[in-house]
Amino acid sequence: MLKIEHLTKKYGDKAAVDDLSLHIEPGQIYGFIGHNGAGKTTTLKSCTGILKFDEGEIYIGGKSIKTDPLACKKLMAYIPDNPDLYEFYTGIKYLNFVANIYGVPAGVRDEKIKKYADMFEITEDLASLVSSYSHGMKQKLAIIGALIHDPKLIIMDEPFVGLDPKAAFTVKTLMRELCDMGGAIFFSTHVLEVAEKLCDRVAIIKSGRLVVSGTMEEVKGDESLESVFLELEA
Amino acid sequence: MVRTLLKARIAATLSNIGKSSKKAGAKKRGVGFKILMGFLIVYILGALIIMFGAIFFATALTFSEADLDWLYYAMAGIFAFAFCFIGSVFMSQHQIFEAKDNEMLLAMPIKPSAILASRVIAIYVFNLAYTLVVMLPAVVIRAILFGTSVLELVFVLICVLLIPVMSMALSCVLGWLLALISSKMRNKNAITLILYVVFMGAYFYVCFNAGNYIMKLTESGTALADTVRRVLFPAYHMGLASAYGNFGSLLIFIACAAVPFAIVFFVISRNYISIMSAKTGTRRVKYVEKRLRESGAMSSLIGKEMKRFTGSAMYMLNGGMGTLMSLIVVAGLIIRKEFILNVAGMYGLSGISVPAIICMLMCVLSSMNIISASSVSLEGKTMWLMKSLPVNASDVLIAKAMCHFIVTAGGAVIAGAVACVVIKATAVEAAAMALVLIAFSAFAALADIMVNLHMPKFDWINEVACVKQSGSVTVSMLMNLAIAIAPIILYFVLFSRFMGATAFLFSAAAFFAVVAAVLFIRLKTAGVRMFNELQA
């Protein structure tokens, strides 16, 4: 579903991501771990087409993000670490805007919005301006916006930040459901306990370079993910 | 602490024009750009100083002959106060009460009074500049006509330093009231819009009647002196202190400026946290489910731009000022048709068809619309949406240009149509006028987008910095104005010798249309490339 081949992204002379390769298959929840400034967000943004990269290739559903960005973007959704949304819209107008961009049919979008807004308990707030939302509510709205067109791949940057425990549980459930239906998820997190329980595979990045990747068992063995991560960071 | 905060504020203000945020490492503007900006600032200040100089020159001799020298300085003080107040009332609201970094600063171990002081000092600097624009010509004109003394200059200087303080006391209170009212209102855009239009209306009314006022000032100086003495006693004492070196009056004027300001500062700083943390206009509306309307991606993008524009009173008033002015001018044309046509005749334009004059005026007014000049910058932190959603960069840019075009061309054509009816233009003249206005609007919409792509600004804290103070907005406004005026000059200098005004309008429309077409192609190639490289 997502193939990152020898990705290199530089800011000036400094390589934020250096020759990184990862393959994410349908059905997998892939965790991406690293210290602050390791290159996680740069990698995720490169996958979504937000950032241009210097070397390498990224394929989504077999299509190149460089040469066919629109086709790639139709297949996926991105949820950033900070849910900066259009504050001049109400929640429902924002979701309708996203649905229009993805060409989601009217009946389908009604159904999806109702389903997910009820799950995240923000249905009553959909008529309020996004500017009046709390961080957590904006995060929920961004997640609903990402799910509205049934993406095959979701790229998430710290998706649990700002969510209440119930909403975080809902997100984890939805992530698993999407992957069980053949989708894939690539997400970064600093919450190692969540990554340990949720991920099928995990990759650890340090100073822009991939340090280790594999199934959770391959990476952590008998230790906890936290101790493996701390050893690698030392 | 105040110094540190003030440095940060000044750095933020200077960065609005000093550098772009096109890339992660914002690059410095070149020397040429700085010279251009410096030239523009000098030009604007020069024009204002000359205008006030002319007013003071007309009144100085009359007041002196009537032995009312104090009234000269009193009137200069009143003008300076009004100029400061109008210029800073909305600035006070945004910078003191609605700045986005208020919460961050309040969470730090900083006294609220220090935060308030840093903001107030920054506004003071702006107000002092406004005051100097008025008072400098007043002092120079008087010195040229009657000479001056060191004492007079020192006393005037003290008054000049205090006028902004006096104005700020009032603008802080009104800014607070505006913030309070708008936070309680369901539709705060509407109230801000109404208040702003009232302010602008009053401002233009005064400007429009300035000639009458000056005539009345010179004719009835004694009656005016009585009124100032009785009603505006701070101005009276400022006049006495400045013109005659009256120390007692200077002390009274200092008290009139300092005491209200000290009270306002004390009250606001004591209640700063409660004012800042008061619930703002976030009344929740319960969602009632209804079937959502499906529309295409392009119309959604245009709808988004229109919603952003209409969702902010500040953006509407600054970006759409030309449309507002066009409608005001047309209303003026309806009310005072004969007067305006006579003015046109007085300036030697009677040889040209009136529709041509009105069309050119509409173009100049339309050039004041700068909606698309900040629309790329306004994406700011939401840029990730446009970059990650499946939309073409060209569609994003065209939608932004369309918003500018719809507002500008729509307003100009409506105003032009009403004007055509009032002045009884022929169908051919009306058609020529409509084509010029449409073509010019298309040109300005596309040109301003290109300017914004060259000079994006994403690191804004308050969108005011983007919509009012960014380099792309200043450059766009002046570029549009220059290009709107160019055909008028060309016609008088060259084309009027062998071409009728209506034929010239058709030619101008064709010219603007061709340039717009070139810009459209450029937007879809270079513009898209630049947009793709932007990193918010």
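The values are calculated or read from the model by the stated rules, or taken from the named source; none is laboratory data. Everything numeric in this text was worked out from a predicted model, so none of it was measured. Cβ coordinates were reconstructed from backbone atoms using ideal geometry, including for glycine residues, and neighbour counts include every protein chain displayed.
Quick grid of which residues meet (1) part of a helix (DSSP H, G or I); (2) under 22 Å from B:Asp459 (Cβ atoms); (3) among the small types (Gly, Ala, Ser):
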position	(1), (2), (3)
B:Phe85	yes, no, no
B:Ser88	yes, no, yes
B:Met91	yes, yes, no
B:His94	yes, yes, no
B:Ala99	no, yes, yes
B:Pro109	no, no, no
B:Ala114	yes, no, yes
B:Val120	yes, no, no
B:Tyr124	yes, no, no
Right, A:Ser132: over 19 Å from A:Leu44 (Cα atoms), buried (at least 17 other Cβ atoms within 10 Å of the Cβ) and out of contact with any helix residue (DSSP H, G or I) (no Cβ under 7 Å at 6 or more places or on another chain) or not?
-> yes
Any idea which of B:Ala99, B:Ala107 is modelled with pLDDT under 75 and over 15 Å from B:Ile163 (Cα atoms)?
-> B:Ala99
Looking only at strands (runs of 3 or more DSSP E) that fall completely inside the stretch A:125-234, which ones have 1 or more residues that are in contact (Cβ under 8 Å) with a residue 24 or more places away in the chain and small (Gly, Ala, Ser)?
-> A:184-188, A:201-206, A:209-215
Is it the case that the stretch B:430-447 has a residue that's surrounded by fewer than 24 Cβ atoms within 10 Å (Cβ to Cβ), without any contact (Cβ under 8 Å) to a residue 60 or more places away in the chain and either on the phi > 0 side of the Ramachandran plot or touching a Pro at 6+ places or on another chain (Cβ under 6 Å) (or both)?
-> no
List every residue pair whose Cβ atoms sit under 7 Å apart, with the two residues 6 or more apart in sequence or on different chains, where the first one lies in the stretch A:47-59 and is of a type in the set (Gly, Ala, Ser) and the second, anywhere, is crowded, with 18+ Cβ neighbours inside 10 Å.
-> A:Gly49/A:Ile65; A:Gly49/A:Pro69; A:Gly49/A:Cys72; A:Gly49/A:Lys73; A:Gly49/B:Lys387; A:Gly49/B:Ser388; A:Gly56/A:Leu7
Search the stretch B:380-390 for residues being aliphatic (A, V, I, L, M) and touching a helix residue (DSSP H, G or I) at 6+ places or on another chain (Cβ under 6 Å), and hand back the single one that is nearest to the other protein chains (Cβ to nearest Cβ).
-> B:Leu389
Give me a count of the residues in the stretch A:1-40 that are among the small types (Gly, Ala, Ser) and under 21 Å from A:Val219 (Cα atoms).
-> 6
Mind checking which residues of the stretch B:382-430 are small (Gly, Ala, Ser) and touching a Leu at 6+ places or on another chain (Cβ under 9 Å)?
-> B:Ser394, B:Ala399, B:Ala401, B:Ala409, B:Gly411, B:Ala412, B:Ala415, B:Gly416, B:Ala419
Return the residue satisfying two criteria in turn: it lies in the stretch B:294-331 and is within 14 Å of A:Thr90 (Cβ to Cβ) and facing chain A (nearest Cβ under 7 Å), and of such residues it is farthest from the chain's Cα centre (by Cα).
-> B:Lys304
Search the stretch A:50-69 for residues being under 16 Å from B:Val528 (Cβ atoms) and loosely packed, with under 14 Cβ neighbours inside 10 Å, and hand back the single one that is farthest from the other protein chains (Cβ to nearest Cβ).
-> A:Thr67
For B:Gly345: the one exception among (1) assigned to a helix (DSSP H, G or I); (2) surrounded by 21 or more Cβ atoms within 10 Å (Cβ to Cβ); (3) at pLDDT below 90 = (2)
Evaluate the stretch B:242-262: report whether one residue or more is part of a helix (DSSP H, G or I), within 27 Å of the chain's Cα centre (by Cα) and buried (at least 16 other Cβ atoms within 10 Å of the Cβ).
-> yes
Checking A:Ala77 against (1) free of Cβ contacts under 8 Å to residues at least 60 places away in the same chain; (2) over 14 Å from A:Lys138 (Cα atoms), which single condition isn't satisfied?
-> (1)
Where residues in the stretch A:176-206 are of a type in the set (Gly, Ala, Ser) and modelled with pLDDT of 90 or more, which of them is surrounded by the fewest Cβ atoms within 10 Å (Cβ to Cβ)?
-> A:Gly182
Just for the stretch A:100-113: of the residues that are touching a Ser or Thr at 6+ places or on another chain (Cβ under 9 Å) and facing another protein chain (nearest Cβ under 7 Å), which one is surrounded by the most Cβ atoms within 10 Å (Cβ to Cβ)?
-> A:Ile101
For the stretch B:373-393, what are the residues that are over 23 Å from A:Lys66 (Cα atoms) and of a type in the set (S, T, N, Q)?
-> B:Ser374, B:Ser375, B:Ser377
How about the stretch B:132-186: which of its residues are β-branched (Val, Ile, Thr) and touching a Cys at 6+ places or on another chain (Cβ under 9 Å)?
-> B:Val134, B:Ile163
Determine whether the stretch A:32-39 contains at least one residue that is buried (at least 22 other Cβ atoms within 10 Å of the Cβ), closer than 28 Å to B:Glu533 by Cβ and within 10 Å of another protein chain (Cβ to nearest Cβ).
-> no
When you look at A:Ile79, is it more than 8 Å from chain B (Cβ to nearest Cβ), surrounded by 21 or more Cβ atoms within 10 Å (Cβ to Cβ) and closer than 21 Å to A:Lys114 by Cα, yes or no?
-> yes
Would you check if B:Tyr236 is over 29 Å from the mean Cα position of the chain (by Cα), crowded, with 21+ Cβ neighbours inside 10 Å and either modelled with pLDDT of 70 or more or assigned by TED's automatic domain parsing to the domain that holds B:Ile78 (or both)?
-> yes
Looking only at the stretch B:240-274, count how many residues are touching a Ser or Thr at 6+ places or on another chain (Cβ under 8 Å) and either at pLDDT below 75 or of a type outside the set (Phe, Trp, Tyr) (or both).
-> 4
